[in-house]
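One structure below.
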Amino acid sequence: MFIDEVVIELRSGNGGNGAATFRREKNVQFGGPDGGDGGNGGNIIFEVDNNINTLLDFKFIKKIEAEDGINGQKKGMYGRNGEDRIIKVPVGTMIRDYETNALLLDLGEYGDRKVFLKGGMGGRGNIHFKSSIKKTPKYSERGRLGQEIKVKMELKMLADVALVGYPSVGKSSFINKVSAAKSKVANYHFTTLKPKLGLVKVDDEKSFVIADVPGLIEGAHEGKGLGHRFLKHIERCKIIYHLVDISGFEGRDPIDDYKKINEELKKYSEKLSKKQQFVIANKMDLLYEGNENYNKLEKYLKEKGITLYPVSVISNRGVKEVIQNTYDIIINTKREELEESMDVEIIFKEQLESMPDWIIELDEEGIYEVGGKMVESVLRTYVFANDDSIVNFLHILRKKGLEEELEKYGVTDGDTVRINGIEFDFVE
Ligand SMILES: Nc1nc2c(ncn2[C@@H]2O[C@H](COP(=O)(O)OP(=O)(O)OP(=O)(O)O)[C@@H](O)[C@H]2O)c(=O)[nH]1
Ligand SMILES: [Mg+2]
(Lines give C-alpha, C1' and ligand atoms only; values in the text may rest on other atoms or scores of the structure.)
(Ligands and ions follow the chains in the order given, each with its own letter.)
Protein backbone atom coordinates (compact mmCIF):
# COMPACT_ATOMS: atom_id res chain seq x y z
CA MET A 1 0.00 0.00 0.00
CA PHE A 2 1.63 3.20 -1.09
CA ILE A 3 -0.90 5.84 -0.36
CA ASP A 4 -2.45 5.68 3.03
CA GLU A 5 -5.29 7.95 3.87
CA VAL A 6 -7.28 8.40 7.04
CA VAL A 7 -9.81 10.96 8.20
CA ILE A 8 -9.76 12.02 11.80
CA GLU A 9 -11.10 14.76 14.05
CA LEU A 10 -8.69 16.60 16.28
CA ARG A 11 -9.35 18.82 19.26
CA SER A 12 -6.98 20.60 21.57
CA GLY A 13 -8.01 20.91 25.21
CA ASN A 14 -10.24 23.65 26.58
CA GLY A 15 -8.80 25.93 29.20
CA GLY A 16 -10.05 25.32 32.73
CA ASN A 17 -12.31 27.95 34.26
CA GLY A 18 -11.04 30.36 36.85
CA ALA A 19 -12.68 29.86 40.24
CA ALA A 20 -14.93 32.41 41.96
CA THR A 21 -14.57 31.46 45.59
CA PHE A 22 -14.15 33.40 48.84
CA ARG A 23 -11.95 33.00 51.85
CA ARG A 24 -13.65 31.86 54.99
CA GLU A 25 -12.52 33.83 57.98
CA LYS A 26 -13.64 33.92 61.57
CA ASN A 27 -16.29 36.57 62.15
CA VAL A 28 -16.36 37.56 58.51
CA GLN A 29 -19.29 36.45 56.46
CA PHE A 30 -17.47 36.86 53.16
CA GLY A 31 -13.70 36.84 53.15
CA GLY A 32 -11.73 38.13 50.18
CA PRO A 33 -11.84 36.38 46.82
CA ASP A 34 -9.48 33.39 46.64
CA GLY A 35 -10.44 31.59 43.40
CA GLY A 36 -7.43 30.23 41.51
CA ASP A 37 -6.77 30.17 37.78
CA GLY A 38 -7.81 27.38 35.46
CA GLY A 39 -5.10 25.36 33.73
CA ASN A 40 -4.38 25.63 30.02
CA GLY A 41 -5.80 23.03 27.66
CA GLY A 42 -3.40 20.49 26.16
CA ASN A 43 -2.00 20.93 22.64
CA ILE A 44 -2.28 18.55 19.71
CA ILE A 45 1.28 17.88 18.51
CA PHE A 46 2.45 15.98 15.44
CA GLU A 47 5.77 14.16 15.56
CA VAL A 48 7.58 12.05 12.99
CA ASP A 49 8.51 8.64 14.37
CA ASN A 50 11.07 6.64 12.41
CA ASN A 51 9.62 3.35 13.61
CA ILE A 52 6.24 3.91 12.00
CA ASN A 53 5.68 3.27 8.28
CA THR A 54 1.92 3.42 7.85
CA LEU A 55 -1.16 5.22 9.06
CA LEU A 56 -2.82 1.91 9.92
CA ASP A 57 -2.92 2.76 13.61
CA PHE A 58 -5.37 5.55 12.83
CA LYS A 59 -7.74 3.56 10.63
CA PHE A 60 -10.25 2.95 13.41
CA ILE A 61 -9.79 6.11 15.42
CA LYS A 62 -12.40 8.79 14.83
CA LYS A 63 -11.20 11.50 17.16
CA ILE A 64 -8.10 12.46 19.08
CA GLU A 65 -8.44 15.00 21.86
CA ALA A 66 -5.94 16.62 24.13
CA GLU A 67 -6.87 16.93 27.78
CA ASP A 68 -8.83 19.93 29.04
CA GLY A 69 -7.25 22.19 31.64
CA ILE A 70 -8.52 21.66 35.19
CA ASN A 71 -10.66 24.36 36.74
CA GLY A 72 -9.13 26.65 39.33
CA GLN A 73 -10.03 26.05 42.94
CA LYS A 74 -10.49 27.83 46.22
CA LYS A 75 -7.56 28.99 48.36
CA GLY A 76 -5.96 30.31 45.22
CA MET A 77 -5.22 26.85 43.89
CA TYR A 78 -4.37 26.64 40.22
CA GLY A 79 -5.97 24.01 38.03
CA ARG A 80 -3.47 21.69 36.37
CA ASN A 81 -2.71 22.15 32.66
CA GLY A 82 -4.28 19.56 30.36
CA GLU A 83 -1.85 17.04 28.93
CA ASP A 84 -0.71 17.42 25.32
CA ARG A 85 -1.50 14.66 22.85
CA ILE A 86 1.49 13.76 20.74
CA ILE A 87 0.44 12.06 17.53
CA LYS A 88 3.25 9.96 16.09
CA VAL A 89 3.22 9.56 12.33
CA PRO A 90 5.52 8.19 9.63
CA VAL A 91 7.79 10.52 7.71
CA GLY A 92 5.94 11.77 4.64
CA THR A 93 2.61 12.36 6.35
CA MET A 94 0.62 15.29 5.06
CA ILE A 95 -2.22 16.83 7.03
CA ARG A 96 -5.04 18.39 5.04
CA ASP A 97 -8.17 20.27 5.97
CA TYR A 98 -11.02 17.82 5.38
CA GLU A 99 -13.38 20.51 4.11
CA THR A 100 -11.12 22.30 1.62
CA ASN A 101 -8.28 19.80 1.13
CA ALA A 102 -5.81 22.62 1.83
CA LEU A 103 -2.43 21.34 2.98
CA LEU A 104 -1.90 22.36 6.60
CA LEU A 105 1.16 20.44 7.62
CA ASP A 106 3.82 18.59 5.67
CA LEU A 107 5.90 16.25 7.81
CA GLY A 108 8.46 15.46 5.15
CA GLU A 109 11.67 15.14 7.13
CA TYR A 110 12.89 12.86 9.86
CA GLY A 111 12.64 14.67 13.19
CA ASP A 112 9.79 17.00 12.18
CA ARG A 113 7.63 18.08 15.11
CA LYS A 114 4.95 20.72 15.30
CA VAL A 115 2.35 22.04 17.70
CA PHE A 116 -0.66 21.82 15.42
CA LEU A 117 -3.61 22.85 17.59
CA LYS A 118 -3.07 25.06 20.60
CA GLY A 119 -4.92 24.34 23.80
CA GLY A 120 -7.27 27.02 25.14
CA MET A 121 -5.90 29.39 27.79
CA GLY A 122 -7.07 28.81 31.32
CA GLY A 123 -9.39 31.46 32.81
CA ARG A 124 -8.28 33.68 35.67
CA GLY A 125 -9.75 33.14 39.11
CA ASN A 126 -11.40 35.95 41.07
CA ILE A 127 -8.29 36.26 43.20
CA HIS A 128 -7.10 38.64 40.46
CA PHE A 129 -10.21 40.78 40.67
CA LYS A 130 -9.97 42.14 44.16
CA SER A 131 -12.40 45.03 44.09
CA SER A 132 -15.04 44.27 41.60
CA ILE A 133 -17.74 46.41 40.08
CA LYS A 134 -19.85 44.46 42.44
CA LYS A 135 -18.70 44.47 46.06
CA THR A 136 -17.48 40.92 45.95
CA PRO A 137 -15.90 39.81 42.70
CA LYS A 138 -18.11 36.97 41.66
CA TYR A 139 -16.47 37.27 38.33
CA SER A 140 -13.95 34.74 37.23
CA GLU A 141 -12.87 34.21 33.68
CA ARG A 142 -13.94 31.17 31.75
CA GLY A 143 -11.31 29.05 30.06
CA ARG A 144 -10.95 29.59 26.33
CA LEU A 145 -12.12 26.78 24.08
CA GLY A 146 -9.60 24.55 22.36
CA GLN A 147 -9.35 24.34 18.57
CA GLU A 148 -11.24 21.71 16.66
CA ILE A 149 -10.78 20.53 13.11
CA LYS A 150 -11.44 17.50 10.90
CA VAL A 151 -8.39 16.55 8.88
CA LYS A 152 -7.29 14.05 6.30
CA MET A 153 -3.93 12.43 6.98
CA GLU A 154 -2.17 11.28 3.86
CA LEU A 155 0.99 9.25 3.51
CA LYS A 156 2.73 9.16 0.19
CA MET A 157 5.54 6.78 -0.41
CA LEU A 158 8.71 8.60 0.41
CA ALA A 159 11.65 7.12 -1.37
CA ASP A 160 14.94 8.96 -1.44
CA VAL A 161 15.89 7.35 -4.74
CA ALA A 162 13.62 6.20 -7.56
CA LEU A 163 14.61 3.70 -10.27
CA VAL A 164 13.42 4.89 -13.64
CA GLY A 165 13.87 3.50 -17.13
CA TYR A 166 12.46 1.40 -19.96
CA PRO A 167 11.03 -2.03 -19.12
CA SER A 168 13.58 -4.82 -18.65
CA VAL A 169 16.61 -2.56 -18.19
CA GLY A 170 17.20 -4.20 -14.81
CA LYS A 171 15.50 -1.93 -12.26
CA SER A 172 14.12 -4.77 -10.17
CA SER A 173 17.39 -6.67 -10.41
CA PHE A 174 19.10 -3.53 -9.08
CA ILE A 175 16.81 -3.00 -6.07
CA ASN A 176 17.09 -6.68 -5.17
CA LYS A 177 20.86 -6.40 -5.27
CA VAL A 178 21.16 -3.36 -3.02
CA SER A 179 18.34 -4.01 -0.55
CA ALA A 180 16.35 -6.81 1.00
CA ALA A 181 13.48 -6.14 -1.40
CA LYS A 182 12.25 -9.11 -3.42
CA SER A 183 10.99 -7.53 -6.59
CA LYS A 184 10.04 -9.91 -9.39
CA VAL A 185 12.63 -10.19 -12.17
CA ALA A 186 11.90 -11.62 -15.61
CA ASN A 187 12.93 -11.12 -19.22
CA TYR A 188 9.60 -9.69 -20.39
CA HIS A 189 8.32 -6.12 -20.24
CA PHE A 190 6.25 -4.82 -17.34
CA THR A 191 7.26 -7.53 -14.94
CA THR A 192 6.95 -4.98 -12.16
CA LEU A 193 3.35 -3.84 -11.81
CA LYS A 194 3.49 -1.85 -8.61
CA PRO A 195 6.21 0.27 -7.01
CA LYS A 196 8.22 -1.45 -4.31
CA LEU A 197 10.40 -0.01 -1.59
CA GLY A 198 13.74 -1.20 -0.32
CA LEU A 199 16.08 -0.01 2.40
CA VAL A 200 19.69 0.38 1.30
CA LYS A 201 22.22 0.07 4.10
CA VAL A 202 25.29 2.13 3.27
CA ASP A 203 26.86 1.15 6.59
CA ASP A 204 25.69 0.46 10.14
CA GLU A 205 24.32 3.95 10.62
CA LYS A 206 23.60 5.21 7.14
CA SER A 207 20.71 4.07 5.03
CA PHE A 208 18.28 5.37 2.46
CA VAL A 209 15.07 4.27 0.80
CA ILE A 210 14.95 3.22 -2.83
CA ALA A 211 11.86 2.60 -4.95
CA ASP A 212 11.44 0.21 -7.84
CA VAL A 213 8.93 1.66 -10.27
CA PRO A 214 7.20 0.00 -13.26
CA GLY A 215 8.99 0.63 -16.54
CA LEU A 216 8.23 3.69 -18.64
CA ILE A 217 7.71 3.76 -22.40
CA GLU A 218 7.12 6.46 -24.94
CA GLY A 219 3.73 8.04 -24.31
CA ALA A 220 3.78 7.11 -20.63
CA HIS A 221 2.79 10.64 -19.63
CA GLU A 222 -0.48 10.16 -21.50
CA GLY A 223 -1.10 6.78 -19.98
CA LYS A 224 0.72 4.33 -22.27
CA GLY A 225 2.02 1.20 -20.62
CA LEU A 226 1.61 1.40 -16.86
CA GLY A 227 2.63 4.94 -17.43
CA HIS A 228 2.16 7.98 -15.32
CA ARG A 229 0.04 6.31 -12.68
CA PHE A 230 3.11 5.63 -10.65
CA LEU A 231 5.08 8.74 -11.36
CA LYS A 232 3.18 10.64 -8.72
CA HIS A 233 4.69 8.29 -6.17
CA ILE A 234 8.17 9.45 -6.96
CA GLU A 235 7.58 13.19 -7.15
CA ARG A 236 9.16 13.64 -3.77
CA CYS A 237 12.28 11.55 -4.23
CA LYS A 238 15.66 13.27 -4.08
CA ILE A 239 17.58 11.39 -6.75
CA ILE A 240 16.56 9.43 -9.82
CA TYR A 241 18.63 6.44 -10.90
CA HIS A 242 18.03 6.47 -14.63
CA LEU A 243 18.84 2.96 -15.84
CA VAL A 244 19.69 2.31 -19.45
CA ASP A 245 20.22 -1.11 -21.04
CA ILE A 246 23.63 -0.47 -22.54
CA SER A 247 23.72 -3.73 -24.48
CA GLY A 248 21.12 -2.50 -26.95
CA PHE A 249 20.04 -6.12 -26.92
CA GLU A 250 16.42 -5.27 -27.59
CA GLY A 251 17.38 -3.31 -30.67
CA ARG A 252 17.07 0.14 -29.16
CA ASP A 253 19.77 2.79 -29.00
CA PRO A 254 20.82 3.74 -25.43
CA ILE A 255 21.13 7.46 -26.26
CA ASP A 256 17.66 7.37 -27.74
CA ASP A 257 16.31 5.56 -24.68
CA TYR A 258 17.88 8.11 -22.40
CA LYS A 259 16.35 11.03 -24.29
CA LYS A 260 12.91 9.47 -24.54
CA ILE A 261 12.61 8.64 -20.88
CA ASN A 262 13.64 12.17 -19.96
CA GLU A 263 11.09 13.49 -22.41
CA GLU A 264 8.39 11.47 -20.64
CA LEU A 265 9.45 12.73 -17.23
CA LYS A 266 9.37 16.29 -18.48
CA LYS A 267 5.95 15.93 -20.06
CA TYR A 268 4.65 14.49 -16.83
CA SER A 269 6.16 17.10 -14.56
CA GLU A 270 8.75 19.80 -15.05
CA LYS A 271 9.82 19.37 -11.43
CA LEU A 272 10.37 15.66 -11.78
CA SER A 273 12.54 16.19 -14.85
CA LYS A 274 14.77 18.59 -12.95
CA LYS A 275 15.67 16.18 -10.21
CA GLN A 276 19.25 15.07 -10.00
CA GLN A 277 19.86 11.90 -12.02
CA PHE A 278 22.49 9.21 -11.81
CA VAL A 279 22.67 7.72 -15.27
CA ILE A 280 23.45 4.03 -15.02
CA ALA A 281 24.58 1.93 -17.96
CA ASN A 282 23.42 -1.54 -16.89
CA LYS A 283 24.23 -4.92 -18.41
CA MET A 284 27.87 -3.99 -19.10
CA ASP A 285 28.60 -7.74 -19.04
CA LEU A 286 26.78 -8.07 -22.37
CA LEU A 287 29.00 -5.56 -24.19
CA TYR A 288 31.08 -7.46 -26.70
CA GLU A 289 34.31 -6.26 -28.32
CA GLY A 290 33.66 -3.35 -30.64
CA ASN A 291 30.25 -2.42 -29.24
CA GLU A 292 30.48 1.35 -28.94
CA ASN A 293 27.21 1.89 -27.01
CA TYR A 294 28.91 2.74 -23.75
CA ASN A 295 31.47 5.09 -25.26
CA LYS A 296 28.84 6.89 -27.30
CA LEU A 297 26.51 7.47 -24.37
CA GLU A 298 29.41 8.49 -22.14
CA LYS A 299 30.55 11.07 -24.68
CA TYR A 300 27.04 12.37 -25.18
CA LEU A 301 26.55 12.83 -21.41
CA LYS A 302 30.02 14.26 -20.86
CA GLU A 303 29.12 17.24 -23.02
CA LYS A 304 26.26 17.89 -20.65
CA GLY A 305 28.51 17.43 -17.62
CA ILE A 306 26.77 14.22 -16.54
CA THR A 307 28.62 11.19 -15.22
CA LEU A 308 27.77 7.76 -16.58
CA TYR A 309 28.10 4.82 -14.19
CA PRO A 310 29.10 1.51 -15.79
CA VAL A 311 27.22 -1.26 -13.98
CA SER A 312 26.41 -4.91 -14.28
CA VAL A 313 23.95 -6.02 -11.67
CA ILE A 314 24.43 -9.64 -12.70
CA SER A 315 28.20 -9.63 -12.22
CA ASN A 316 28.02 -7.07 -9.40
CA ARG A 317 30.09 -4.45 -11.14
CA GLY A 318 29.88 -0.77 -10.26
CA VAL A 319 26.90 -1.10 -7.93
CA LYS A 320 28.83 -0.09 -4.82
CA GLU A 321 30.13 3.13 -6.42
CA VAL A 322 26.62 4.24 -7.22
CA ILE A 323 25.41 3.61 -3.67
CA GLN A 324 28.39 5.32 -2.10
CA ASN A 325 27.98 8.47 -4.13
CA THR A 326 24.30 8.69 -3.23
CA TYR A 327 24.17 9.07 0.51
CA ASP A 328 25.77 12.50 0.93
CA ILE A 329 23.53 14.00 -1.71
CA ILE A 330 20.41 12.66 -0.04
CA ILE A 331 21.41 14.03 3.32
CA ASN A 332 22.07 17.45 1.84
CA THR A 333 18.95 17.67 -0.32
CA LYS A 334 15.78 18.98 1.22
CA ARG A 335 12.73 17.03 0.29
CA GLU A 336 10.62 18.81 -2.23
CA GLU A 337 7.43 20.41 -1.00
CA LEU A 338 4.79 19.70 -3.57
CA GLU A 339 2.54 22.53 -2.57
CA GLU A 340 2.64 25.33 -0.12
CA SER A 341 1.06 24.65 3.21
CA MET A 342 -1.34 26.97 4.91
CA ASP A 343 -1.25 27.88 8.58
CA VAL A 344 -4.08 26.13 10.39
CA GLU A 345 -4.74 29.37 12.30
CA ILE A 346 -6.11 30.83 9.06
CA ILE A 347 -8.95 28.35 9.22
CA PHE A 348 -9.83 29.41 12.74
CA LYS A 349 -9.65 33.04 11.70
CA GLU A 350 -12.05 32.34 8.85
CA GLN A 351 -14.38 30.56 11.25
CA LEU A 352 -14.37 33.66 13.42
CA GLU A 353 -15.01 35.85 10.40
CA SER A 354 -18.08 33.87 9.43
CA MET A 355 -19.59 34.10 12.93
CA PRO A 356 -22.52 36.55 13.38
CA ASP A 357 -21.44 39.81 15.02
CA TRP A 358 -23.63 39.27 18.04
CA ILE A 359 -25.25 36.15 19.45
CA ILE A 360 -27.62 36.86 22.35
CA GLU A 361 -29.43 34.01 24.09
CA LEU A 362 -31.70 33.95 27.11
CA ASP A 363 -30.76 31.03 29.36
CA GLU A 364 -32.86 29.08 31.90
CA GLU A 365 -31.80 31.34 34.73
CA GLY A 366 -33.19 34.34 32.87
CA ILE A 367 -29.73 35.70 32.11
CA TYR A 368 -28.88 37.11 28.69
CA GLU A 369 -25.71 35.40 27.46
CA VAL A 370 -23.80 37.40 24.87
CA GLY A 371 -21.34 35.93 22.37
CA GLY A 372 -20.49 36.21 18.68
CA LYS A 373 -17.71 37.66 16.61
CA MET A 374 -17.41 40.98 18.45
CA VAL A 375 -16.97 39.26 21.80
CA GLU A 376 -14.75 36.47 20.47
CA SER A 377 -12.42 38.75 18.58
CA VAL A 378 -11.77 40.86 21.68
CA LEU A 379 -11.37 37.79 23.88
CA ARG A 380 -8.78 36.19 21.64
CA THR A 381 -6.22 38.82 22.49
CA TYR A 382 -7.56 40.50 25.59
CA VAL A 383 -5.92 39.72 28.90
CA PHE A 384 -7.82 40.25 32.11
CA ALA A 385 -5.32 41.42 34.66
CA ASN A 386 -7.46 43.03 37.30
CA ASP A 387 -10.80 44.57 38.00
CA ASP A 388 -10.22 47.58 35.79
CA SER A 389 -9.82 45.31 32.84
CA ILE A 390 -13.37 44.05 33.28
CA VAL A 391 -14.66 47.60 33.10
CA ASN A 392 -12.42 48.26 30.16
CA PHE A 393 -13.55 45.08 28.42
CA LEU A 394 -17.19 46.11 28.68
CA HIS A 395 -16.24 49.56 27.47
CA ILE A 396 -14.66 48.14 24.30
CA LEU A 397 -17.82 46.13 23.59
CA ARG A 398 -19.99 49.17 24.18
CA LYS A 399 -18.04 51.01 21.53
CA LYS A 400 -18.70 48.11 19.18
CA GLY A 401 -22.44 48.56 19.71
CA LEU A 402 -23.28 46.17 22.57
CA GLU A 403 -26.00 48.38 24.07
CA GLU A 404 -27.86 48.86 20.81
CA GLU A 405 -27.80 45.09 20.24
CA LEU A 406 -29.12 44.35 23.70
CA GLU A 407 -31.93 46.86 23.24
CA LYS A 408 -32.74 45.39 19.84
CA TYR A 409 -33.05 42.02 21.48
CA GLY A 410 -35.48 43.44 24.03
CA VAL A 411 -33.24 43.54 27.06
CA THR A 412 -34.59 46.12 29.48
CA ASP A 413 -33.63 47.92 32.65
CA GLY A 414 -32.56 45.59 35.42
CA ASP A 415 -32.09 42.47 33.27
CA THR A 416 -28.93 40.51 33.94
CA VAL A 417 -26.43 40.12 31.13
CA ARG A 418 -23.45 37.74 31.06
CA ILE A 419 -20.41 37.93 28.82
CA ASN A 420 -17.57 35.45 29.26
CA GLY A 421 -18.61 34.91 32.86
CA ILE A 422 -18.96 38.61 33.70
CA GLU A 423 -22.43 39.38 34.99
CA PHE A 424 -23.87 42.86 35.16
CA ASP A 425 -27.25 44.54 35.33
CA PHE A 426 -28.39 46.33 32.25
CA VAL A 427 -29.20 50.00 32.73
CA GLU A 428 -30.90 51.76 29.86
N1 LIG B 1 23.09 -9.80 -18.63
C2 LIG B 1 22.47 -9.08 -17.74
N3 LIG B 1 21.16 -9.21 -17.57
C4 LIG B 1 20.54 -8.44 -16.62
C5 LIG B 1 21.26 -7.54 -15.83
N6 LIG B 1 20.37 -6.90 -15.00
C7 LIG B 1 19.17 -7.46 -15.27
N8 LIG B 1 19.24 -8.38 -16.25
C9 LIG B 1 18.15 -9.18 -16.84
O10 LIG B 1 17.23 -8.34 -17.51
C11 LIG B 1 15.92 -8.84 -17.43
C12 LIG B 1 14.97 -7.79 -16.89
O13 LIG B 1 15.34 -7.48 -15.57
P14 LIG B 1 14.37 -6.77 -14.54
O15 LIG B 1 15.16 -6.50 -13.33
O16 LIG B 1 13.12 -7.57 -14.40
O17 LIG B 1 14.06 -5.45 -15.34
P18 LIG B 1 13.05 -4.27 -14.95
O19 LIG B 1 13.69 -3.01 -15.39
O20 LIG B 1 12.67 -4.37 -13.53
O21 LIG B 1 11.81 -4.59 -15.89
P22 LIG B 1 10.27 -4.16 -15.74
O23 LIG B 1 9.85 -4.44 -14.34
O24 LIG B 1 9.55 -5.00 -16.71
O25 LIG B 1 10.21 -2.71 -16.07
C26 LIG B 1 16.00 -10.08 -16.53
O27 LIG B 1 16.02 -11.21 -17.34
C28 LIG B 1 17.32 -9.90 -15.81
O29 LIG B 1 17.90 -11.09 -15.42
C30 LIG B 1 22.68 -7.40 -16.04
O31 LIG B 1 23.40 -6.63 -15.40
N32 LIG B 1 23.21 -8.18 -17.00
MG1 LIG C 1 10.89 -4.61 -12.70
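The values are calculated or read from the model by the stated rules, or taken from the named source; none is laboratory data. Model, not experiment: these values are computed from the prediction. When we count neighbours, we look across all protein chains shown, and the Cβ atoms used for this are built from the backbone with ideal geometry, even at glycine.
See the values below:
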| item | result |
| --- | --- |
| Top-ranked residue in the range 176-206 [being of a type in the set (Gly, Ala, Ser) and surrounded by fewer than 16 Cβ atoms within 10 Å (Cβ to Cβ); ranked as farthest from ligand 1 (Cβ to nearest atom)] | 180 |
| Meets criteria (among the aromatic types (Phe, Trp, Tyr) and free of Cβ contacts under 8 Å to residues at least 60 places away in the same chain) for residue 230 | yes |
| The lone exception for residue 48 - which of (1) crowded, with 19+ Cβ neighbours inside 10 Å; (2) of a type in the set (A, V, I, L, M, F, W, C); (3) under 25 Å from the mean Cα position of the chain (by Cα); (4) modelled with pLDDT of 95 or more it fails | (4) |
| Residue list for the range 178-218, filter: more than 12 Å from ligand 2 (Cβ to nearest atom), in contact (Cβ under 8 Å) with a residue 40 or more places away in the chain and either farther than 30 Å from residue 110 by Cα or not in a strand (DSSP E or B) (or both) | 178, 202, 206, 217, 218 |
| Residues that are away from ligand 1 (no atom under 14 Å from the Cβ) and either of a type in the set (Gly, Ala, Ser) or over 22 Å from residue 332 (Cα atoms) (or both), drawn from the range 207-217 | 207 |
| Residue check, residue 74 under 30 Å from residue 92 (Cβ atoms), in contact with a strand residue (DSSP E or B) (Cβ under 9 Å, 6 or more places away or on another chain) and of a type in the set (Lys, Arg) | no |
| Whichever residue in the range 219-242 is of a type outside the set (A, V, I, L, M) and within 14 Å of ligand 2 (Cβ to nearest atom) and, among such residues, is surrounded by the fewest Cβ atoms within 10 Å (Cβ to Cβ) | 225 |
| Residue within the range 224-235 that is under 23 Å from residue 307 (Cα atoms) and either under 31 Å from the mean Cα position of the chain (by Cα) or in the same structural domain as residue 315 (by TED's automatic domain parsing) (or both) present | yes |
| Test: residue in the range 405-413 that is touching a helix residue (DSSP H, G or I) at 6+ places or on another chain (Cβ under 6 Å), surrounded by 11 or more Cβ atoms within 10 Å (Cβ to Cβ) and not in a loop (DSSP other than H, G, I, E, B) | no |
| Residues satisfying the stated conditions in the range 250-265, i.e. within 16 Å of ligand 2 (Cβ to nearest atom) and hydrophobic (A, V, I, L, M, F, W, C) | 261 |
| In the range 243-296, the residues that are loosely packed, with under 15 Cβ neighbours inside 10 Å, closer than 20 Å to residue 211 by Cβ and within 12 Å of ligand 1 (Cβ to nearest atom) | none |
| Candidates 145, 155, 163 - the one that is outside any loop (DSSP other than H, G, I, E, B), away from ligand 1 (no atom under 13 Å from the Cβ) and of a type outside the set (S, T, N, Q) | 155 |
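To keep it simple, each residue is scored yes or no on (1) among the charged types (D, E, K, R); (2) surrounded by fewer than 20 Cβ atoms within 10 Å (Cβ to Cβ); (3) over 32 Å from the mean Cα position of the chain (by Cα).
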{"position": "74", "(1), (2), (3)": "yes, yes, yes"}
{"position": "77", "(1), (2), (3)": "no, yes, yes"}
{"position": "83", "(1), (2), (3)": "yes, yes, no"}
{"position": "115", "(1), (2), (3)": "no, yes, no"}
{"position": "123", "(1), (2), (3)": "no, no, no"}
{"position": "128", "(1), (2), (3)": "no, no, yes"}
{"position": "150", "(1), (2), (3)": "yes, yes, no"}
{"position": "156", "(1), (2), (3)": "yes, yes, no"}
{"position": "174", "(1), (2), (3)": "no, no, yes"}
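To keep it simple, each residue is scored yes or no on (1) out of contact with any Ser or Thr (no Cβ under 8 Å at 6 or more places or on another chain); (2) part of a strand (DSSP E or B); (3) hydrophobic (A, V, I, L, M, F, W, C).
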| residue | (1), (2), (3) |
| --- | --- |
| 326 | yes, no, no |
| 330 | yes, no, yes |
| 350 | yes, no, no |
| 357 | yes, no, no |
| 366 | no, no, no |
| 395 | yes, no, no |
